[in-house]
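Reviewing the structure listed below.
The values are calculated or read from the model by the stated rules, or taken from the named source; none is laboratory data. Not measured: the values here are computed from a predicted model. Note that we place each Cβ from the backbone using ideal geometry, even for glycine, and neighbour counts take in every protein chain shown.
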């Protein structure tokens with residue numbers, strides 16, 4: 001079976017777009033997916049796809065539509081397979097970064113390089129970023145809240161995206177392994 005992770009954008013942040021994780025699990029299970037679990041309260045849903053041949057677009061559209069219909073919220077959903085998440089962790093261009101200070105932004109589409117050219121020239125101290133396909137890596141040693149680079153890259157110029165820190169993505173990789181292959185450390 002095909003294991004996936006749905007990453008919801010902008011829920012349970014600052015009191016906006018409140019979604020209980022139990023409701024989210026029920027919603028995804030209601031679409032026929034199995035072995036559904038959530039991780040932390042920021043919209044990370046791990047599941048086995050009911051339709052193994054379904055592509056990313058189909059899964060994203062179905063979950064977004066169900067959230068709209070059942071919860072009345074417009075929420076962008078980005079789906080990645082276990083393998084895609086593991087590959088994103090393995091491709092980390094900042095291997096020495098503190099996991100909580102390295103953000104992986106998952107993008108709906110490969111961005112046009114012109115969209116982030118201005119950010120490349122921005123003076124932002126030790127902050128740095130790289131784009132690899134539909135993943136943007138943002139290393140913010142001083143934290144994202146004070147980073148000019150993080151602010152510049154959070155603009156809608158890169159299209160639909162959602163970010164998780166490396167520690168969270170590593171946990172999602174572990175949770176999205178086939179049930180018989182999960183490590184128990």
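Of the residues making up region 54-74, those that are more than 19 Å from the chain's Cα centre (by Cα) and assigned to a loop (DSSP other than H, G, I, E, B) number 1.
When residues in region 83-100 are screened for being surrounded by 13 or more Cβ atoms within 10 Å (Cβ to Cβ) and part of a loop (DSSP other than H, G, I, E, B), 6 of them pass. Of the residues making up region 37-47, those that are outside any loop (DSSP other than H, G, I, E, B) and modelled with pLDDT under 95 are 40, 41, 42.
Please pick out the residue among 114, 127 that is loosely packed, with under 12 Cβ neighbours inside 10 Å, in the same structural domain as residue 91 (by TED's automatic domain parsing) and either within 17 Å of residue 102 (Cα to Cα) or modelled with pLDDT under 85 (or both). That would be 114, the only listed residue that is loosely packed, with under 12 Cβ neighbours inside 10 Å, in the same structural domain as residue 91 (by TED's automatic domain parsing) and either within 17 Å of residue 102 (Cα to Cα) or modelled with pLDDT under 85 (or both). In the set (1) within 21 Å of residue 164 (Cβ to Cβ); (2) surrounded by 13 or more Cβ atoms within 10 Å (Cβ to Cβ), residue 16 fails one condition alone, (2).
Do you know which of the residues in region 8-41 that are touching a residue at least 60 places away in the same chain (Cβ under 8 Å) and under 16 Å from residue 172 (Cα atoms) is farthest from the chain's Cα centre (by Cα)? Ranking the qualifying residues of region 8-41, first place goes to 35.
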